[in-house]
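Working notes for the structure below.
The values are calculated or read from the model by the stated rules, or taken from the named source; none is laboratory data. The shown structure was predicted, so the numbers you read here are calculated from the model rather than taken from an experiment. Cβ placement follows ideal geometry from the backbone for every residue including glycine, while neighbour counts extend to all protein chains displayed. Only protein heavy atoms, including side chains, enter the accessible area calculation; ligands, DNA and RNA are left aside. Shrake-Rupley method; radii C 1.70, N 1.55, O 1.52, S 1.80 Å.
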Amino acid sequence: MASRDDIMIEITPQVLLKAYSCGIFPMAESSSDPALYWIEPQHRGILPLDRVHVPRRLKRTIRSTAFEVRADCDFDSVIEGCAASRPGRRSTWINSRIRQLYRDLFDLGHCHTVEVWNGSRLVGGLYGVALGGAFFGESMFSLERDVSKIALVHLAGRLIAGGFVLLDTQFVTDHLRQFGTIEVGRGEFQVRLEEALKVPGDFYRLPAEATHEDILAQIDKVDPDA
């Protein structure tokens, strides 16, 4: 289900959080469209945090990489990276209203980033919304090989450590499926969401600059092939 909002109605961060608690999230038609669409998919992608799988090759890459991963250090650069055009994608759904709303949520402590750095250069990352024990992944970007995968693994490990029970990926892609992402119907998603909202997830149970080994230790607790 998708509905276009009335641009005369103010969407505040509080309205946005209420929408998330009901299983709805906003998107824009394009970066130049000032309006938002409310999206409630019939089918939803989720990554079960009790059985996250990380391929062995990727674990080796994470252990040996010189990239550093940080949380919540540079929100503006992350959303800029997610909104940027790149080969195969000339337009984006992240418009100015999206940028401001999620910046406000970041300032309130409900929006978070996972950032991958190569020295002083941000080479990839993701952002999403935390509410109770649910985390709603919004967008990610990557400028170097495997960077978005590294960011996702760090996110999953951080959520596991923090007691989160639901990672909403919105949709299912081949990229996400390799980690154990599954598709559920709207009804099942609502049940899982209601339970997750009762849980006090802690995004900072691990430090903002948790090491790769810290993260993989959390993953190994739930990876069926570990």
Name the residues in the range 51-67 that are open to solvent by 100 Å² or more (accessible area, probe 1.4 Å) and in contact with a helix residue (DSSP H, G or I) (Cβ under 9 Å, 6 or more places away or on another chain), would you? 63
Identify all residues within the range 23-37 that are hydrophobic (A, V, I, L, M, F, W, C) and under 22 Å from residue 133 (Cα atoms); write none if there are none. 24, 25
Across the range 120-150, which residue is nearest to residue 79 (Cα to Cα) among those that are part of a helix (DSSP H, G or I) and open to solvent by 10 Å² or more (accessible area, probe 1.4 Å)? 148
Considering 16, 108, 36, which residue is open to solvent by 60 Å² or more (accessible area, probe 1.4 Å), farther than 21 Å from residue 174 by Cα and out of contact with any Gly (no Cβ under 7 Å at 6 or more places or on another chain)? 108
Within the range 25-50, how many residues turn out to be under 18 Å from residue 101 (Cα atoms) and either outside any loop (DSSP other than H, G, I, E, B) or modelled with pLDDT of 95 or more (or both)? 6
Could you tell me which of the residues 70, 97 is within 26 Å of residue 193 (Cβ to Cβ), open to solvent by 10 Å² or more (accessible area, probe 1.4 Å) and either at pLDDT 95 or above or in a helix (DSSP H, G or I) (or both)? 97
Can you go through 65, 113 and tell me which one is in contact (Cβ under 8 Å) with a residue 40 or more places away in the chain, under 20 Å from residue 204 (Cβ atoms), polar (S, T, N, Q) and out of contact with any Pro (no Cβ under 9 Å at 6 or more places or on another chain)? 113
Residue list for the range 151-204, restricted to those being among the acidic types (Asp, Glu) and open to solvent by less than 10 Å² (accessible area, probe 1.4 Å): 168
